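See structure below.
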Amino acid sequence: MNAAAIDGLLAALERLPDNVPLRINVAKLLVQAGRHAEAIDHLNLVLAIDANNVETITLLIDASAALSMQGQVGESNLESTDGPSAQPAGDFDWHRAEKELGHSLPAPFVEDAPDGDPQAISVNGEGAGGALFDIDRPVVTLADVGGLEDVKTRLNESFLEPMRNPEVARAFGKSLRGGLLLYGPPGCGKTFMARAVAGELGASFMTATMTDIFDKYIGETEKNLHGIFQAARRAAPAVLLLDEIDAVATKRSTLSGGAAWMRQTVNQMLLELDSMDARNDGLFVLAATNHPWDIDTALLRPGRLDRMLLVLPPDRPAREAILKHHFSSRPIAGIDVKKIAARTEDFSGADLEHVVTSAAEKAMMESLRKGSVQAISMAHVNEALKDIRPSTQSWLQTARNVVEFGNANGSYDELDRYLRARKML
Ligand SMILES: Nc1ncnc2c1ncn2[C@@H]1O[C@H](COP(=O)(O)OP(=O)(O)O)[C@@H](O)[C@H]1O
Ligand SMILES: [Mg+2]
């Protein structure tokens, strides 16, 4: 389980401080992650509620022992991970490899454009020393998004159709106010889907990634947020994606006094969202997050980001489509996409891409050894699959806890149904 998933659970815990099973669970995960000191704090909190909890006492003893061990061997452990063998496969030096091979490799090995949308023309937003946002006119459409048929249907009904036919929508009383929040595990196509929505509408697409804005412009975020919304209005009709919105929308209630600027940023975002309707300006706001449970609920009220749409890991047909897409630009021989799709349940779109690039890397190594170009075969794919685990599982675990302990108002019914269908609840 990665740090982000643990963070998600910690956030859930902040809302449910008295939930003993959840806290014990968090403590266990912290122990697994080697964060023994934090685990001990949580276990002590559990004991404050339930002094005779045997499981907790046992865990506490183990964690304390592990902590003192960590103190003794911690430094030498760190050194040992630093050897030359620790170089990740992704750092493979293609240029050197090409030189050694004596000629450059055929085009199929060349990397894809970042978003698979090479015709799009990008312009960067204003702002000294870097872009505040990216704007372009995407040519990808929903047809380019593999699978996810339910999500597409709902996007069509709740967003695209009313937007294409504003008069009809108004007549039926369907408000065009408000934005849509896409949520789900990382790498499953939220950002990609938002681009496709803009592509469908022939609208400009602007992305403002909240984490970037914070990294670069701490303290100026209110002004920048306003600037982004203004620029989006000027570019109308436009779809504005507020990506990784949990960064800005971390619950106001969990912020300490030092984070006053963050609170102001949330308030500014509320202001911008509320003023959207009044100007009726052809600006449509989408937001995306991996951690909807961290979002200030004020942002989710009617007229704001009031509809949540779950973007799940690709199902089997979607996996086939994604795999095909990534193989299409590479030399392959005897690749059985159906078979790979059947073996990659829970893999995200990004994981599948990783499988293909990693198989390509293995074919490349073999080419180097043999001195001639070897196409990617199932053997390479099988090798790659040995090393790659689906990255969505820790997210699903976090989601499970949130739904189990925090779905009182029904916001996560869609997720609840999915987890039940998978027998995770
Ligand atoms: N359903 C999908 N169909 C096609 N490609 C996908 C799909 N899901 C993910 N991908 C691929 O994975 C990449 C990462 O997806 P992204 O939209 O950035 O994920 P997220 O925003 O949910 O973290 C995309 O650029 C795309 O190439
Ligand atoms: Mg994204």
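The values are calculated or read from the model by the stated rules, or taken from the named source; none is laboratory data. None of the values given here were measured: they were computed from a predicted structure. As a convention, Cβ positions derive from the backbone with ideal geometry for all residues, glycine included, and neighbour counts pool all protein chains shown.
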Checklist (1) over 30 Å from residue 133 (Cβ atoms); (2) under 19 Å from the mean Cα position of the chain (by Cα); (3) among the basic types (Lys, Arg) applied to residue 370, failing item: (2)
Identity of the residue in region 132-155, acidic (Asp, Glu) and part of a helix (DSSP H, G or I), that ends up surrounded by the fewest Cβ atoms within 10 Å (Cβ to Cβ): 149
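So that you can scan it fast, the table gives a plain yes or no per residue for (1) within 30 Å of residue 240 (Cβ to Cβ); (2) basic (Lys, Arg); (3) crowded, with 20+ Cβ neighbours inside 10 Å:
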{"position": "294", "(1), (2), (3)": "yes, no, yes"}
{"position": "301", "(1), (2), (3)": "yes, yes, no"}
{"position": "310", "(1), (2), (3)": "yes, no, yes"}
{"position": "325", "(1), (2), (3)": "yes, no, no"}
{"position": "329", "(1), (2), (3)": "no, no, no"}
{"position": "338", "(1), (2), (3)": "no, yes, no"}
{"position": "345", "(1), (2), (3)": "no, no, no"}
Extreme residue, farthest from ligand 2 (Cβ to nearest atom), among residues of region 312-323 that are surrounded by 16 or more Cβ atoms within 10 Å (Cβ to Cβ) and not in a loop (DSSP other than H, G, I, E, B): 320
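Pick from 342, 360: which is over 30 Å from residue 183 (Cβ atoms) and either away from ligand 1 (no atom under 11 Å from the Cβ) or not assigned by TED's automatic domain parsing to the domain that holds residue 211 (or both)? Reasoning before the result, please.
Values: 342 fails: over 30 Å from residue 183 (Cβ atoms).
It is 360.
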Residue satisfying all of: in region 286-304; within 16 Å of ligand 2 (Cβ to nearest atom) and hydrophobic (A, V, I, L, M, F, W, C); farthest from residue 231 (Cα to Cα) among these: 295
Single condition residue 191 does not satisfy, out of (1) of a type outside the set (A, V, I, L, M); (2) touching a Leu at 6+ places or on another chain (Cβ under 9 Å); (3) assigned to a helix (DSSP H, G or I); (4) at pLDDT below 85: (4)
Residues of region 208-235 classified as in a helix (DSSP H, G or I), modelled with pLDDT under 75 and either closer than 17 Å to residue 283 by Cα or hydrophobic (A, V, I, L, M, F, W, C) (or both), total: 2
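Only one of these is modelled with pLDDT of 85 or more, crowded, with 16+ Cβ neighbours inside 10 Å and among the hydrophobic types (A, V, I, L, M, F, W, C): 10, 43. Name it.
Answer to the check: 10.
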